[in-house]
1. Contact list please: Cβ distance under 9 Å, first residue in the range B:201-212 and acidic (D, E), second residue surrounded by fewer than 22 Cβ atoms within 10 Å (Cβ to Cβ), pairs at least six apart or on different chains.
2. With the structure loaded, tell me whether B:D278 is acidic (D, E) and surrounded by 15 or more Cβ atoms within 10 Å (Cβ to Cβ) or whether it fails that test.
3. I'd like to check something: does the range A:205-216 contain any residue that is touching a Pro at 6+ places or on another chain (Cβ under 8 Å), within 19 Å of A:C128 (Cβ to Cβ) and not small (G, A, S)?
4. With away from chain B (no Cβ under 14 Å) and either basic (K, R) or farther than 18 Å from A:I114 by Cβ (or both) as the only criterion, which of A:K164, A:K133, A:K141 stands out?
5. Which residues, taken from the range B:69-97, are surrounded by fewer than 20 Cβ atoms within 10 Å (Cβ to Cβ), touching a residue at least 60 places away in the same chain (Cβ under 8 Å) and under 29 Å from B:E27 (Cα atoms)?
6. Can you tell me which residues in the range A:225-271 are acidic (D, E) and either touching a strand residue (DSSP E or B) at 6+ places or on another chain (Cβ under 9 Å) or in a helix (DSSP H, G or I) (or both)?
7. Answer yes if at least one residue in the range A:282-294 is touching a residue at least 12 places away in the same chain (Cβ under 8 Å), closer than 19 Å to A:L9 by Cβ, crowded, with 23+ Cβ neighbours inside 10 Å and within 16 Å of the chain's Cα centre (by Cα), and no otherwise.
8. Looking at (1) in a strand (DSSP E or B); (2) on the phi > 0 side of the Ramachandran plot, which is the one condition that is false for B:G69?
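The values are calculated or read from the model by the stated rules, or taken from the named source; none is laboratory data. On a predicted model such as this, the values are computed, not experimentally measured, just so you know. Backbone-built Cβ (ideal geometry, glycine too); neighbour counts: all protein chains shown.
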2 protein chains.
Amino acid sequence: MCVEDVMELMRGNVLFLFTVGNTLTAEIPGITVAGANMDLIKFTPPADVELLYYGKCRVIPFPPATPDGKPTPALITYTSLRLTGVPFLVVDSGLIVKPDVPLIDVKAPVGKNIEKEKAMEYEKAKHCFELAKTLGEKVSKLVDVIVIGESIPAGTTTAGAVLKALGIESKVSSSMPENPVELKKKVIEKAVSRLNGCESVLEIVSSVGDPVILVASAIACGSEKPVVFAGGTQMAAVAHVAVKMGFKNGYIVTTKYVAEDDSSDIHTISPLPVISVDPMLGKSKKKGLRAYEEGFVKEGVGAGGATLLAYSRGISSERFLIEIEKDYERIVERCGDV
Amino acid sequence: MCVEDVMELMRGNVLFLFTVGNTLTAEIPGITVAGANMDLIKFTPPADVELLYYGKCRVIPFPPATPDGKPTPALITYTSLRLTGVPFLVVDSGLIVKPDVPLIDVKAPVGKNIEKEKAMEYEKAKHCFELAKTLGEKVSKLVDVIVIGESIPAGTTTAGAVLKALGIESKVSSSMPENPVELKKKVIEKAVSRLNGCESVLEIVSSVGDPVILVASAIACGSEKPVVFAGGTQMAAVAHVAVKMGFKNGYIVTTKYVAEDDSSDIHTISPLPVISVDPMLGKSKKKGLRAYEEGFVKEGVGAGGATLLAYSRGISSERFLIEIEKDYERIVERCGDV
């Protein structure tokens with residue numbers, strides 16, 4: 001069974017890598033809620049990884065949240081990494097603002113707005129892919145499995161564009177229950193219409209993708225060990241890119257909020273086995289956490305993979321939820337956001 | 001036996017970390033030969049690690065060498081890493097020029113000329129120490145041992161200043177057989193004379209040290225596993241700083257060219273067990289390699305530790321020398337430097 005295989009891997013020597021970056025596609029009004037407002041969106045990825053390191057953010061004085069205060073999924077991942085002690089590293093995958101953590105540079109450019117122009121210059125993207133692939137090769141030698149999480153506001157839109165350009169029609173998930181499908185479709189179609197259909201995978205990523213898709217797929221391609229893509233639609237795009245570049249041994253692990261989302265279709269579009277995990281947030285006494293069950297946020301920063309990691313290491317779903325709530329109280333509520 | 005303990009560790013899961021950076025102390029005429037001329041010295045650390053990654057350099061079109069063509073010790077380390085397949089990562093420890101490799105940023109400042117001024121602002125150095133310590137903690141969880149190598153031209157002078165400030169009188173090694181002892185002593189004395197004797201270890205490093213000593217000692221302090229300091233005098237300074245900050249479990253591994261150097265005294269000044277390794281370059285048919293036996297270059301970029309790593313993994317000293325010579329032919333001779 002697939003789930004058991006992954007849980008066994010996760011009991012071994014695990015490295016969590018976070019590929020975090022920005023696409024200026026996030027500047028299109030209404031396309032993302034990964035940040036309380038436009039000015040804050042660029043701080044979301046660095047703040048997410050600072051939260052993982054320190055249990056608080058440094059580039060901004062409060063944790064990332066939706067405009068109405070639903071907390072970042074980095075909170076769930078933080079709880080898992082805190083409880084398991086599993087090591088992690090952060091890879092700059094096109095960040096506008098750098099987090100105050102040890103940061104691996106693979107020369108990833110910030111992604112441009114795919115509605116208007118190419119995401120990245122091809123030569124720069126190719127070079128970044130090579131560095132990130134080398135990184136994947138090196139770190140994979142140390143471990144049994146690499147788990148990759150992401151944080152990039154508007155990443156579901158760029159992922160949708162990459163999938164469409166690869167001939168995969170997806171419904172495209174979102175961090176909002178009222179998924180702005182029509183807006184995303186319009187952006188995706190405009191981006192993909194610039195292609196002539198003869199592009200290589202890397203040309204597609206550099207044209208209509210984002211630097212997180214680029215770096216995450218490159219790390220996977222370099223890895224000598226299995227890779228868990230911890231995420232939803234975005235990781236489906238990453239997995240497709242990686243598979244087309246020769247990658248074989250991996251899984252997508254995501255929260256049930258993505259896997260059971262009617263407006264998404266991760267099981268259909270994934271080229272790899274998909275494992276769905278339930279962080280049990282629907283049972284939380286905290287409104288901000290129950291919101292996940294209601295279709296808000298749903299996934300990100302490797303939350304699904306981190307939940308499976310915790311479960312693999314013998315942490316019960318009941319205890320995991322209690323610990324998430326403790327962190328929620330300390331990290332989110334004391335900041336006065338909710 | 002100490003040697004056997006380290007060799008056993010090196011048969012396990014090993015990560016080689018290279019802490020590479022610059023101190024403007026290298027601009028004092030005559031203080032270093034780690035680079036063919038003044039303009040090239042700043043390229044030596046990035047070129048060294050590019051050589052490790054690619055078997056050739058990118059920031060300059062030829063491998064680092066002394067003004068008369070003796071090759072960088074990175075060559076020996078390259079051969080060992082190529083043969084053993086041991087993974088490595090590079091930590092930016094105050095680089096002026098960035099290498100074209102995956103590079104870990106811990107906010108290390110470039111070191112200033114200690115003859116004239118403080119090496120680093122204390123607050124910046126302290127912050128960098130904390131990030132590098134966190135990095136050491138994370139990566140150590142993945143492995144059995146961390147091996148740390150360095151590349152920083154004029155690093156023996158800053159190391160001498162740190163040792164002196166810590167009350168340890170050392171002879172101070174050099175990459176030249178005619179060690180410019182008087183010049184180094186003058187610089188060291190001028191730097192240390194700015195101290196009042198009441199400084200903390202971190203204040204000493206930030207005043208008269210360099211960013212490589214800072215980052216390497218911080219990584220060791222963060223590590224949950226044993227650390228091998230692969231180097232000579234510089235690693236003795238790193239080890240002293242780390243030990244004063246609470247570090248316990250480690251070794252210095254260096255080439256016999258340092259360990260048996262009459263103008264050095266690594267065994268006396270090291271706070272940790274010292275292991276001396278012979279890369280057998282004295283038996284080489286290449287003049288540029290035999291020069292090591294004659295007191296040129298001698299050590300750097302983790303060459304001694306890398307040699308012990310190769311021997312630990314069952315590579316005979318005869319084969320290792322043959323493989324170094326092959327790499328020498330391909331990397332150094334074809335560039336027309338020697």
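1. B:E203/B:Y122; B:E203/B:L195
2. Here the answer is yes, as B:D278 does meet what is asked.
3. yes
4. After applying the criteria, what remains is A:K164.
5. B:G69, B:I96
6. A:E260
7. Checked the range A:282-294: no residue is touching a residue at least 12 places away in the same chain (Cβ under 8 Å), closer than 19 Å to A:L9 by Cβ, crowded, with 23+ Cβ neighbours inside 10 Å and within 16 Å of the chain's Cα centre (by Cα).
8. (1)
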